[in-house]
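In what follows, a structure is listed as structure tokens, so that the remarks can point back to it.
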Amino acid sequence: MIHRGTRLVVNLAALEHNYKFLRSKTSDSTLFMAVVKAQAYGHGLVPVAQKLQECGVDYFAVAYVDEAVELRNNGITTPILVLHAQQHNLPDCIERCIEPVIYSKEMLEDFYAFAKAKHQTNYPVHLEFNTGLNRIGIDGEELDAILEMLNKQDHLKVKGLMSHLAASEDLEEITFTQKQIDTFTELAKKAESVLGYDCIKHQCNTSGILNFPNAHFDMVRSGIGLYGYGNDKKYQDNFKPVGTLKSVVSQVRSIKKGESISYNRSHHASKDMTYAVIPLGHGDGMKRVYGYGGAFVYINGKPARTLGIICMDMFMVDVTDIPCKRGDEVVIYDNEHNAQEMAEEVGIISYELITGIQARVPRVYIEEGV
Ligand SMILES: *Cc1c(COP(=O)(O)O)cnc(C)c1O
């Protein structure tokens, strides 16, 4: 039997399951924004967004305008928020009905001038406040000037007010997070009262949804949870990982005690051994930190540890005690041995591992009961 090669199997039924679980954590009136930046965290932007649109999400969020344009080009009609638009992207925003986050006074001035030149009225934007992450966002002191400017024009309309939590997954930082929530509440109240209308207020990411039900406001934004990871073992049973990374044994070989394997002779055999070559490397997203025994993969249900350096297109694993042959399936991560555990094993996070799976790994879409 010929097995398929390296592939990321994406189970859209798991995506729906996770969406429903997250939805069950919010009130019915809370809007749900699905974060699909970075190719839907590596799972494939368009198929994931199409499935989520079918599920009925209220909004999408992406990081860059190009991602939003790709959604529009593929039949996504749901509102789309762009978290980190740049000046040169503004024409595409207006052209494709994409809502930008305004995260600084300069950005507001640029977008205002552009909307005016394009004769826009009440073009929807979201204001982002910095409440402690200190990444992007308008600081409290700048708010008066910004609101004054907004109140003098009708080219732009503030549809949303948002902020982003810095440590929503870290329960030792509850006091800090609560302060962020209070600051956001205060700034949003001020903005709405000066503007004279209500906006969609949103602050929570996945861990915020789970840990801070008091801060859901009008909308929540979830990324990692949709893909099956809750940043906390306590919730892991409620989530179903959407992606399974699989490959295949391309060759089984043997070496004698004293010989070495891979670049820089990075594994020295202390005894005669058998190893398998897997067609997946750091050029596919199998990070080099997984070399030298930094990860196990599963062949015929048995754990096989990596040997020496991970090459760009392949790596080697010890199968001395694992009966296997060319063509056997290799599981890098799946539901049972999930990407969050694999990531944490080497001090990275699930986000980094799953978004790092490169475009050359084919995505295979399935819908299988979860
Ligand atoms: C990426 C991102 C999210 C999603 O965070 P998760 O932890 O993946 O749920 C939400 N909001 C903003 C502003 C983001 O940049």
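The values are calculated or read from the model by the stated rules, or taken from the named source; none is laboratory data. Note that the coordinates shown come from a computational prediction; the quantities given were computed from them, not determined experimentally. No Cβ is skipped: glycine too gets one built from the backbone with ideal geometry, and neighbour counts run over all protein chains shown. Accessible surface is based on the protein model in full, side chains and every heavy atom, while ligands, DNA and RNA are left aside. Shrake-Rupley method; radii C 1.70, N 1.55, O 1.52, S 1.80 Å.
Key figures
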read-out	value
Accessible surface of residue 17 - all protein chains present, 1.4 Å probe, nearest 10 Å²	60 Å²
Scattering profile of region 182-239 at q = 0.25 Å⁻¹ [log10 I(q)/I(0), Debye over alpha-carbon scatterers]	-0.96
Hits among lysines - C-alpha to C-alpha of residue 246 under 20 Å, sequence gap 8 or more where chains match	287, 302, 325
Length added when fully stretched, residue 121-residue 259, from 0.36 nm per residue minus Cα-Cα	42.4 nm
Per residue accessible area of region 243-366, 1.4 Å probe, in Å²	48 Å²
Potential lengthening between residue 214 and residue 305 on full extension [0.36 nm per residue; Cα-Cα distance subtracted]	28.3 nm
Region 293-370 - Debye-derived log10 I(q)/I(0), Cα point model, q = 0.11, 0.12, 0.20, 0.25 Å⁻¹	-0.33, -0.39, -1.12, -1.48
The chain - share of DSSP beta bridges that are antiparallel (%, nearest 5)	45 percent
Using alpha carbons only: equivalent-ellipsoid semi-axes of the chain, gyration tensor based, whole Å	45, 20, 19
Positive minus negative residues near residue 290 (Lys, Arg vs Asp, Glu; Cβ under 15 Å)	-4
Long-range HN-HN contacts of residue 156 with modeled amide H, under 5 Å	122, 123
Neighbour net charge for residue 165 - beta-carbon separation under 13 angstrom, K R +1, D E -1	-2
Unit charges on C-beta of K, R, D, E only; dipole of region 12-227, Debye	500 debye
HN-Hα J in Hz across region 288-296 - Karplus 6.51, -1.76, 1.60, θ = phi - 60°, x for Gly and Pro	5, 4, 7, x, 6, x, x, 8, 10
Kirkwood-based Rg to Rh ratio, region 12-227, C-alpha trace	0.95
Enclosed volume per residue, in Å³, of the convex hull spanned by Cα atoms of region 138-259	236 Å³
Karplus-derived HN-Hα couplings along region 215-220 (A = 6.51, B = -1.76, C = 1.60, θ = phi - 60°), whole Hz, x at Gly and Pro	10, 6, 6, 8, 8, 10
Expected 222 nm ellipticity per residue - DSSP helices of 4 or more, -39500 (n - 2.57), all of the chain, to 500	-9000 deg cm²/dmol
Phi-based couplings in Hz for region 347-364 (Karplus 6.51, -1.76, 1.60; Gly and Pro marked x)	x, 10, 10, 3, 3, 5, 5, 6, 6, x, 6, 6, 4, 6, 7, x, 9, 10
Normalised convex hull volume, region 29-103, alpha-carbon set, Å³ per residue	88 Å³
Neighbour net charge for residue 317 - beta-carbon separation under 12 angstrom, K R +1, D E -1	0
About the Cα centre, charge dipole magnitude for the chain (Lys/Arg +1, Asp/Glu -1 at Cβ), debye	1360 debye
Rounded accessible area of residue 54 (nearest 10 Å², 1.4 Å probe)	140 Å²
Separation between Cα centres of region 93-132 and region 159-224, rounded to whole Å	20 Å
q = 0.11, 0.18 Å⁻¹: log10 I(q)/I(0) that the Debye formula gives for region 243-366, counting C-alpha atoms only	-0.34, -0.92
